[in-house]
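Trainee: This structure is in C-alpha coordinates; I'll ask about it shortly.
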Amino acid sequence: MEIVILAVVIAVVLVGAVSGLVIGGRRKKQLPPAERPSATPTITTPPAEPRVGDEAETPRDESRRTIEEVDLPTAEAPKAPPAEAEPAPAAPEVEVPEPTEGRLVRLRARLARSQNALGKGLLTLLSREHLDEDTWEEIEDTLLTADVGVVPTQELVERLRERVRVLGTRTPQELRTLLREELLKLIATDAPRAVKTDNGLETPAVVMVVGVNGTGKTTTTGKLARVLVADGKSVVLGAADTFRAAAADQLQTWGERVGARTVRGPEGGDPASIAFDAVKEGIAEHADVVLIDTAGRLHTKAGLMDELGKVKRVVEKQAPLDEVLLVLDATTGQNGLVQARVFAEVVNITGIVLTKLDGTAKGGIVVAVQRELGVPVKLIGLGEGPDDLAPFDPEAFVDALIGD
(Lines give C-alpha, C1' and ligand atoms only; values in the text may rest on other atoms or scores of the structure.)
Protein backbone atom coordinates (compact mmCIF):
# COMPACT_ATOMS: atom_id res chain seq x y z
CA MET A 1 0.00 0.00 0.00
CA GLU A 2 2.77 2.41 0.85
CA ILE A 3 4.52 1.52 -2.41
CA VAL A 4 1.39 2.38 -4.35
CA ILE A 5 1.08 5.80 -2.69
CA LEU A 6 4.75 6.60 -3.34
CA ALA A 7 4.37 5.67 -6.98
CA VAL A 8 1.36 7.94 -7.35
CA VAL A 9 3.25 10.92 -5.84
CA ILE A 10 6.21 10.44 -8.16
CA ALA A 11 3.88 10.27 -11.13
CA VAL A 12 2.20 13.47 -10.18
CA VAL A 13 5.55 15.24 -9.82
CA LEU A 14 6.73 14.01 -13.18
CA VAL A 15 3.54 15.16 -14.87
CA GLY A 16 3.87 18.66 -13.31
CA ALA A 17 7.46 19.00 -14.41
CA VAL A 18 6.72 17.99 -17.98
CA SER A 19 3.80 20.45 -18.11
CA GLY A 20 6.01 23.29 -16.91
CA LEU A 21 8.63 22.62 -19.55
CA VAL A 22 6.00 22.58 -22.29
CA ILE A 23 4.44 25.88 -21.20
CA GLY A 24 7.83 27.63 -20.77
CA GLY A 25 8.88 26.65 -24.27
CA ARG A 26 5.69 28.04 -25.74
CA ARG A 27 6.23 31.41 -23.95
CA LYS A 28 9.78 31.69 -25.25
CA LYS A 29 8.52 31.27 -28.78
CA GLN A 30 5.88 34.04 -28.32
CA LEU A 31 8.32 36.81 -27.05
CA PRO A 32 9.46 39.30 -29.73
CA PRO A 33 13.18 39.47 -30.37
CA ALA A 34 13.48 43.05 -29.07
CA GLU A 35 12.10 42.08 -25.69
CA ARG A 36 14.34 39.13 -25.10
CA PRO A 37 16.59 39.73 -22.13
CA SER A 38 20.22 40.18 -22.89
CA ALA A 39 22.69 37.73 -21.67
CA THR A 40 24.23 40.31 -19.27
CA PRO A 41 21.55 42.23 -17.37
CA THR A 42 22.12 46.00 -16.70
CA ILE A 43 21.93 46.93 -13.05
CA THR A 44 20.87 50.55 -12.27
CA THR A 45 22.40 52.01 -9.14
CA PRO A 46 19.71 53.53 -6.96
CA PRO A 47 20.12 57.22 -6.22
CA ALA A 48 22.07 58.02 -3.09
CA GLU A 49 20.18 59.30 -0.13
CA PRO A 50 20.42 63.10 0.14
CA ARG A 51 22.67 64.44 2.84
CA VAL A 52 22.26 67.61 4.85
CA GLY A 53 22.56 70.57 2.50
CA ASP A 54 21.96 68.51 -0.68
CA GLU A 55 18.91 68.84 -2.81
CA ALA A 56 16.38 66.02 -2.61
CA GLU A 57 16.71 65.14 -6.29
CA THR A 58 19.29 65.42 -9.00
CA PRO A 59 19.15 68.92 -10.53
CA ARG A 60 17.87 69.06 -14.05
CA ASP A 61 19.16 71.31 -16.79
CA GLU A 62 16.37 73.77 -17.33
CA SER A 63 16.05 77.55 -17.55
CA ARG A 64 15.29 79.31 -14.31
CA ARG A 65 13.89 82.80 -13.66
CA THR A 66 15.16 85.29 -11.12
CA ILE A 67 12.89 86.69 -8.45
CA GLU A 68 12.73 89.96 -10.38
CA GLU A 69 11.31 88.06 -13.41
CA VAL A 70 8.62 86.27 -11.46
CA ASP A 71 5.29 88.03 -11.51
CA LEU A 72 4.19 88.04 -7.93
CA PRO A 73 0.59 88.76 -7.09
CA THR A 74 0.24 92.33 -5.82
CA ALA A 75 -1.78 92.85 -2.74
CA GLU A 76 -4.32 95.54 -3.22
CA ALA A 77 -3.68 98.42 -0.84
CA PRO A 78 -6.65 99.26 1.29
CA LYS A 79 -8.52 102.13 -0.19
CA ALA A 80 -8.03 105.24 1.86
CA PRO A 81 -11.11 107.25 2.62
CA PRO A 82 -11.44 110.26 0.35
CA ALA A 83 -9.36 113.11 1.78
CA GLU A 84 -11.28 116.15 2.79
CA ALA A 85 -10.31 119.24 0.87
CA GLU A 86 -8.09 121.39 3.05
CA PRO A 87 -9.36 124.90 3.42
CA ALA A 88 -7.26 127.49 1.65
CA PRO A 89 -5.01 129.44 4.04
CA ALA A 90 -6.61 132.66 5.07
CA ALA A 91 -4.99 135.79 3.74
CA PRO A 92 -3.11 137.66 6.48
CA GLU A 93 -5.16 140.41 8.00
CA VAL A 94 -3.91 143.81 6.90
CA GLU A 95 -3.35 146.14 9.82
CA VAL A 96 -3.94 149.85 9.87
CA PRO A 97 -0.84 151.50 11.40
CA GLU A 98 -1.16 154.39 13.80
CA PRO A 99 -0.82 157.85 12.27
CA THR A 100 2.71 159.18 12.52
CA GLU A 101 1.60 162.60 13.67
CA GLY A 102 2.15 162.89 17.39
CA ARG A 103 3.92 159.53 17.77
CA LEU A 104 6.94 161.10 19.43
CA VAL A 105 4.71 162.98 21.83
CA ARG A 106 2.91 159.75 22.72
CA LEU A 107 6.25 158.08 23.37
CA ARG A 108 7.58 160.99 25.38
CA ALA A 109 7.18 159.24 28.73
CA ARG A 110 9.38 156.41 27.52
CA LEU A 111 11.98 158.75 26.10
CA ALA A 112 11.97 160.82 29.31
CA ARG A 113 13.69 157.95 31.13
CA SER A 114 16.89 159.13 29.47
CA GLN A 115 16.74 162.48 31.28
CA ASN A 116 18.62 161.11 34.29
CA ALA A 117 21.72 160.87 32.12
CA LEU A 118 21.47 164.27 30.49
CA GLY A 119 18.70 166.76 31.03
CA LYS A 120 17.90 166.19 34.66
CA GLY A 121 21.56 165.91 35.61
CA LEU A 122 22.38 169.21 33.91
CA LEU A 123 19.48 171.02 35.58
CA THR A 124 20.58 169.78 38.98
CA LEU A 125 24.14 171.01 38.47
CA LEU A 126 23.11 174.39 37.02
CA SER A 127 20.78 174.98 39.97
CA ARG A 128 23.65 175.08 42.46
CA GLU A 129 24.13 178.40 44.18
CA HIS A 130 27.81 178.65 43.27
CA LEU A 131 28.99 177.38 39.87
CA ASP A 132 32.70 176.91 40.45
CA GLU A 133 35.20 175.09 38.25
CA ASP A 134 34.44 171.76 39.86
CA THR A 135 30.76 172.18 38.97
CA TRP A 136 31.55 173.00 35.37
CA GLU A 137 33.76 169.93 35.17
CA GLU A 138 30.86 167.86 36.45
CA ILE A 139 28.68 169.39 33.74
CA GLU A 140 31.26 168.40 31.13
CA ASP A 141 31.42 164.86 32.53
CA THR A 142 27.63 164.60 32.39
CA LEU A 143 27.59 165.61 28.73
CA LEU A 144 30.42 163.25 27.79
CA THR A 145 28.78 160.36 29.65
CA ALA A 146 25.60 161.00 27.66
CA ASP A 147 27.62 160.54 24.42
CA VAL A 148 27.30 164.15 23.30
CA GLY A 149 30.90 164.13 22.09
CA VAL A 150 33.96 166.16 23.01
CA VAL A 151 33.65 169.12 20.64
CA PRO A 152 29.88 169.65 21.12
CA THR A 153 30.40 169.38 24.90
CA GLN A 154 33.02 172.10 24.90
CA GLU A 155 30.83 174.35 22.78
CA LEU A 156 27.82 173.85 25.03
CA VAL A 157 29.73 174.47 28.26
CA GLU A 158 31.21 177.71 26.92
CA ARG A 159 27.80 179.03 25.90
CA LEU A 160 26.26 178.01 29.22
CA ARG A 161 29.04 179.79 31.12
CA GLU A 162 28.47 182.99 29.20
CA ARG A 163 24.71 182.97 29.51
CA VAL A 164 24.73 182.12 33.24
CA ARG A 165 27.16 184.98 33.87
CA VAL A 166 24.95 187.43 31.98
CA LEU A 167 21.74 186.06 33.49
CA GLY A 168 22.85 186.51 37.06
CA THR A 169 19.92 185.27 39.14
CA ARG A 170 18.86 181.79 38.02
CA THR A 171 15.38 180.53 38.78
CA PRO A 172 14.55 176.88 37.91
CA GLN A 173 12.33 177.97 35.04
CA GLU A 174 15.03 180.28 33.64
CA LEU A 175 17.59 177.47 33.79
CA ARG A 176 15.23 175.05 32.02
CA THR A 177 14.59 177.61 29.27
CA LEU A 178 18.29 178.34 28.91
CA LEU A 179 19.24 174.67 28.71
CA ARG A 180 16.42 173.91 26.25
CA GLU A 181 17.57 176.67 23.89
CA GLU A 182 21.20 175.52 23.98
CA LEU A 183 20.36 171.85 23.41
CA LEU A 184 18.16 172.78 20.46
CA LYS A 185 21.08 174.69 18.95
CA LEU A 186 23.23 171.56 19.24
CA ILE A 187 20.63 169.36 17.56
CA ALA A 188 19.45 171.88 14.97
CA THR A 189 20.34 171.39 11.32
CA ASP A 190 19.34 173.06 8.10
CA ALA A 191 18.89 169.73 6.31
CA PRO A 192 15.29 168.48 5.95
CA ARG A 193 14.38 165.75 8.45
CA ALA A 194 11.48 164.21 6.54
CA VAL A 195 12.19 160.98 4.63
CA LYS A 196 12.03 161.83 0.93
CA THR A 197 9.12 159.88 -0.52
CA ASP A 198 8.14 162.13 -3.40
CA ASN A 199 10.74 162.78 -6.09
CA GLY A 200 8.38 164.47 -8.53
CA LEU A 201 9.05 161.78 -11.16
CA GLU A 202 6.92 159.02 -12.60
CA THR A 203 9.12 156.45 -10.90
CA PRO A 204 8.73 155.62 -7.19
CA ALA A 205 11.03 157.11 -4.58
CA VAL A 206 13.79 154.61 -3.79
CA VAL A 207 15.06 154.36 -0.20
CA MET A 208 18.01 152.11 0.64
CA VAL A 209 18.44 151.08 4.29
CA VAL A 210 21.99 150.24 5.42
CA GLY A 211 23.56 149.31 8.73
CA VAL A 212 25.33 146.60 10.66
CA ASN A 213 23.45 143.37 11.33
CA GLY A 214 22.16 143.47 14.90
CA THR A 215 21.18 147.14 14.94
CA GLY A 216 17.58 146.31 14.05
CA LYS A 217 17.99 147.20 10.39
CA THR A 218 15.46 144.75 8.92
CA THR A 219 12.96 145.46 11.69
CA THR A 220 13.42 149.19 11.11
CA THR A 221 12.75 148.70 7.39
CA GLY A 222 9.50 146.93 8.24
CA LYS A 223 8.51 149.63 10.72
CA LEU A 224 9.35 152.33 8.19
CA ALA A 225 6.95 150.63 5.77
CA ARG A 226 4.27 151.03 8.45
CA VAL A 227 5.15 154.71 8.84
CA LEU A 228 4.80 155.28 5.10
CA VAL A 229 1.58 153.28 4.82
CA ALA A 230 0.16 155.28 7.73
CA ASP A 231 0.94 158.41 5.70
CA GLY A 232 -1.04 157.03 2.75
CA LYS A 233 1.89 155.72 0.66
CA SER A 234 1.98 152.46 -1.29
CA VAL A 235 5.17 150.52 -0.62
CA VAL A 236 7.20 147.70 -2.24
CA LEU A 237 9.88 146.02 -0.14
CA GLY A 238 13.13 144.61 -1.52
CA ALA A 239 14.75 141.87 0.61
CA ALA A 240 18.34 142.37 -0.56
CA ASP A 241 19.88 141.09 2.69
CA THR A 242 20.45 137.57 1.37
CA PHE A 243 23.31 136.66 3.70
CA ARG A 244 21.49 136.66 7.04
CA ALA A 245 19.29 133.66 7.65
CA ALA A 246 15.55 134.43 7.66
CA ALA A 247 16.04 138.14 6.89
CA ALA A 248 13.77 137.89 3.85
CA ASP A 249 11.11 135.99 5.83
CA GLN A 250 11.23 138.60 8.55
CA LEU A 251 10.83 141.47 6.09
CA GLN A 252 8.02 139.70 4.22
CA THR A 253 6.11 139.24 7.48
CA TRP A 254 6.36 142.97 8.18
CA GLY A 255 5.16 143.73 4.66
CA GLU A 256 2.17 141.36 4.80
CA ARG A 257 0.93 143.04 7.97
CA VAL A 258 0.39 146.32 6.11
CA GLY A 259 -0.31 144.96 2.62
CA ALA A 260 3.11 145.75 1.14
CA ARG A 261 4.55 143.26 -1.36
CA THR A 262 8.06 141.90 -0.78
CA VAL A 263 10.41 141.08 -3.66
CA ARG A 264 12.90 138.42 -2.59
CA GLY A 265 15.34 135.88 -4.01
CA PRO A 266 17.20 132.75 -2.91
CA GLU A 267 19.30 132.79 0.24
CA GLY A 268 22.82 133.79 -0.69
CA GLY A 269 21.64 135.28 -3.99
CA ASP A 270 22.86 138.48 -5.62
CA PRO A 271 21.61 141.48 -3.57
CA ALA A 272 21.94 143.87 -6.51
CA SER A 273 19.72 141.65 -8.66
CA ILE A 274 16.99 141.61 -6.00
CA ALA A 275 17.22 145.38 -5.54
CA PHE A 276 16.92 145.79 -9.30
CA ASP A 277 13.81 143.56 -9.41
CA ALA A 278 12.25 145.41 -6.47
CA VAL A 279 12.55 148.79 -8.22
CA LYS A 280 11.28 147.23 -11.44
CA GLU A 281 8.22 145.85 -9.63
CA GLY A 282 7.67 149.19 -7.91
CA ILE A 283 7.60 150.93 -11.30
CA ALA A 284 5.23 148.31 -12.74
CA GLU A 285 2.85 148.62 -9.78
CA HIS A 286 3.05 152.44 -9.72
CA ALA A 287 4.12 152.30 -6.06
CA ASP A 288 5.01 155.47 -4.21
CA VAL A 289 8.09 154.13 -2.43
CA VAL A 290 10.48 151.19 -2.77
CA LEU A 291 12.34 150.26 0.43
CA ILE A 292 15.47 148.14 -0.02
CA ASP A 293 16.93 146.28 2.97
CA THR A 294 20.65 145.53 2.48
CA ALA A 295 23.22 143.29 4.17
CA GLY A 296 25.35 144.70 6.95
CA ARG A 297 28.50 142.62 7.10
CA LEU A 298 31.45 144.57 8.46
CA HIS A 299 33.94 141.70 8.71
CA THR A 300 35.47 142.87 5.45
CA LYS A 301 35.28 146.53 4.61
CA ALA A 302 36.29 146.00 0.98
CA GLY A 303 33.52 143.44 0.45
CA LEU A 304 30.95 145.77 2.01
CA MET A 305 32.01 148.66 -0.19
CA ASP A 306 31.86 146.54 -3.33
CA GLU A 307 28.45 145.12 -2.51
CA LEU A 308 26.71 148.36 -1.51
CA GLY A 309 28.33 150.20 -4.39
CA LYS A 310 27.04 147.59 -6.81
CA VAL A 311 23.52 147.75 -5.35
CA LYS A 312 23.53 151.53 -5.70
CA ARG A 313 24.72 151.42 -9.34
CA VAL A 314 22.22 148.74 -10.34
CA VAL A 315 19.28 150.50 -8.69
CA GLU A 316 20.10 153.77 -10.44
CA LYS A 317 19.74 152.02 -13.80
CA GLN A 318 16.01 151.83 -13.05
CA ALA A 319 15.39 154.97 -11.00
CA PRO A 320 17.35 157.57 -9.00
CA LEU A 321 18.24 156.70 -5.40
CA ASP A 322 16.45 159.25 -3.23
CA GLU A 323 17.48 158.25 0.29
CA VAL A 324 20.19 156.20 2.00
CA LEU A 325 19.23 155.74 5.65
CA LEU A 326 21.84 154.51 8.12
CA VAL A 327 20.43 152.53 11.06
CA LEU A 328 22.44 152.86 14.29
CA ASP A 329 21.89 151.23 17.66
CA ALA A 330 21.82 154.12 20.15
CA THR A 331 23.01 151.86 22.96
CA THR A 332 26.41 151.40 21.28
CA GLY A 333 27.30 155.05 21.89
CA GLN A 334 30.61 156.11 20.42
CA ASN A 335 31.11 152.67 18.84
CA GLY A 336 28.18 153.48 16.59
CA LEU A 337 30.13 156.42 15.24
CA VAL A 338 32.85 154.07 13.99
CA GLN A 339 30.21 152.14 12.03
CA ALA A 340 28.82 155.42 10.73
CA ARG A 341 32.20 156.44 9.33
CA VAL A 342 32.59 153.14 7.45
CA PHE A 343 29.19 153.37 5.80
CA ALA A 344 29.67 157.05 4.98
CA GLU A 345 32.75 156.05 2.98
CA VAL A 346 30.74 153.47 1.03
CA VAL A 347 27.56 155.33 0.14
CA ASN A 348 26.27 158.86 0.41
CA ILE A 349 24.30 158.77 3.68
CA THR A 350 21.32 161.15 3.61
CA GLY A 351 19.70 160.39 6.96
CA ILE A 352 20.09 158.51 10.24
CA VAL A 353 17.71 156.20 12.08
CA LEU A 354 18.50 155.76 15.78
CA THR A 355 17.03 152.60 17.29
CA LYS A 356 16.68 151.62 20.98
CA LEU A 357 16.70 155.26 22.03
CA ASP A 358 14.79 154.62 25.25
CA GLY A 359 15.74 154.54 28.94
CA THR A 360 18.76 152.31 28.26
CA ALA A 361 20.31 154.78 25.83
CA LYS A 362 21.98 158.14 26.18
CA GLY A 363 20.29 160.94 24.29
CA GLY A 364 23.49 162.79 23.47
CA ILE A 365 24.24 160.34 20.64
CA VAL A 366 21.82 162.38 18.51
CA VAL A 367 24.18 165.35 18.71
CA ALA A 368 27.32 163.30 18.16
CA VAL A 369 26.17 161.38 15.11
CA GLN A 370 24.81 164.46 13.38
CA ARG A 371 28.10 166.25 13.94
CA GLU A 372 30.09 163.23 12.76
CA LEU A 373 28.23 162.70 9.48
CA GLY A 374 26.78 166.13 8.83
CA VAL A 375 23.36 164.59 8.11
CA PRO A 376 20.20 164.77 10.21
CA VAL A 377 18.56 162.17 12.40
CA LYS A 378 15.28 161.51 10.59
CA LEU A 379 13.70 158.68 12.58
CA ILE A 380 14.08 157.31 16.09
CA GLY A 381 12.96 154.01 17.58
CA LEU A 382 11.83 153.97 21.18
CA GLY A 383 10.74 150.39 21.78
CA GLU A 384 9.85 146.96 20.42
CA GLY A 385 6.28 147.73 19.34
CA PRO A 386 5.42 147.83 15.62
CA ASP A 387 4.56 151.53 15.81
CA ASP A 388 7.48 152.57 18.02
CA LEU A 389 9.30 154.26 15.15
CA ALA A 390 8.63 157.96 14.86
CA PRO A 391 9.82 160.92 12.78
CA PHE A 392 12.39 162.84 14.79
CA ASP A 393 11.13 166.08 16.28
CA PRO A 394 13.97 168.06 17.94
CA GLU A 395 11.68 170.10 20.21
CA ALA A 396 9.74 167.10 21.49
CA PHE A 397 13.03 165.24 21.98
CA VAL A 398 14.62 168.03 24.06
CA ASP A 399 11.45 168.52 26.10
CA ALA A 400 11.49 164.82 26.93
CA LEU A 401 15.15 165.01 27.97
CA ILE A 402 14.86 167.92 30.41
CA GLY A 403 11.34 167.18 31.60
CA ASP A 404 8.49 169.55 32.33
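The values are calculated or read from the model by the stated rules, or taken from the named source; none is laboratory data. Since the model is a prediction, treat every value here as computed from it, not as a measurement. All Cβ positions, glycine included, derive from the backbone under ideal geometry; neighbour counts span all protein chains shown. To get the accessible areas, we keep the full protein, side chains included, count just its heavy atoms, and leave off ligands, DNA and RNA. Shrake-Rupley method; radii C 1.70, N 1.55, O 1.52, S 1.80 Å.
Trainee: Take the residues in the range 341-360 that are among the β-branched types (Val, Ile, Thr) and either more than 27 Å from the chain's Cα centre (by Cα) or assigned to a loop (DSSP other than H, G, I, E, B) (or both); name whichever of them is farthest from residue 120 (Cα to Cα).
Mentor: Among those that are among the β-branched types (Val, Ile, Thr) and either more than 27 Å from the chain's Cα centre (by Cα) or assigned to a loop (DSSP other than H, G, I, E, B) (or both), it is 347.
Trainee: Here's a follow-up. Going through the range 228-251 one residue at a time, which ones are part of a helix (DSSP H, G or I) and in contact with a helix residue (DSSP H, G or I) (Cβ under 8 Å, 6 or more places away or on another chain)?
Mentor: 229, 247, 250, 251
Trainee: Another question about this same structure. Mind checking which residues of the range 136-188 are in a loop (DSSP other than H, G, I, E, B) and among the charged types (D, E, K, R)?
Mentor: Matches in the range 136-188: 147, 170.
Trainee: Here are the criteria: (1) open to solvent by 10 Å² or more (accessible area, probe 1.4 Å); (2) at pLDDT 85 or above. Tell me which single one residue 381 does not satisfy.
Mentor: (1)
Trainee: Answer yes if at least one residue in the range 176-195 is surrounded by fewer than 18 Cβ atoms within 10 Å (Cβ to Cβ), closer than 15 Å to residue 396 by Cα, in contact with a strand residue (DSSP E or B) (Cβ under 7 Å, 6 or more places away or on another chain) and modelled with pLDDT of 85 or more, and no otherwise.
Mentor: yes
Trainee: If you scan the range 216-254, which residues turn out to be under 19 Å from the mean Cα position of the chain (by Cα), among the aliphatic types (A, V, I, L, M) and over 14 Å from residue 294 (Cβ atoms)?
Mentor: 225, 236, 245, 246, listed by residue number.
Trainee: So, in the range 202-214, how many residues would count as being out of contact with any Gly (no Cβ under 7 Å at 6 or more places or on another chain) and over 17 Å from residue 350 (Cβ atoms)?
Mentor: 3
Trainee: While we're here: Given the structure, is residue 309 in a loop (DSSP other than H, G, I, E, B), within 26 Å of the chain's Cα centre (by Cα), surrounded by fewer than 16 Cβ atoms within 10 Å (Cβ to Cβ) and not charged (D, E, K, R)?
Mentor: Answer is no for this residue.
Trainee: Let me ask another. Examine the range 208-215 for a residue that is at pLDDT 90 or above and out of contact with any strand residue (DSSP E or B) (no Cβ under 8 Å at 6 or more places or on another chain), and state whether such a residue exists.
Mentor: No, there is no match, as no residue in the range 208-215 is at pLDDT 90 or above and out of contact with any strand residue (DSSP E or B) (no Cβ under 8 Å at 6 or more places or on another chain).
Trainee: Continuing with the same structure: Taking the stated definitions as given, is residue 393 open to solvent by 20 Å² or more (accessible area, probe 1.4 Å), touching a residue at least 40 places away in the same chain (Cβ under 8 Å) and under 34 Å from the mean Cα position of the chain (by Cα)?
Mentor: yes
Trainee: I'd like the full set of residues that are under 17 Å from residue 148 (Cα atoms) and assigned to a helix (DSSP H, G or I), limited to the range 312-338.
Mentor: Answer for the range 312-338, where residues must be under 17 Å from residue 148 (Cα atoms) and assigned to a helix (DSSP H, G or I): 330, 331, 332, 334, 335, 336, 337, 338.
Trainee: Answer yes or no: is there a residue in the range 214-235 that is more than 18 Å from residue 385 (Cβ to Cβ) and open to solvent by less than 10 Å² (accessible area, probe 1.4 Å).
Mentor: No, the range 214-235 has no match at all.
Trainee: Restricting attention to the range 293-300, does a residue exist that is within 23 Å of the chain's Cα centre (by Cα), farther than 30 Å from residue 148 by Cβ and at pLDDT 90 or above?
Mentor: Yes, the range 293-300 contains a residue that is within 23 Å of the chain's Cα centre (by Cα), farther than 30 Å from residue 148 by Cβ and at pLDDT 90 or above.
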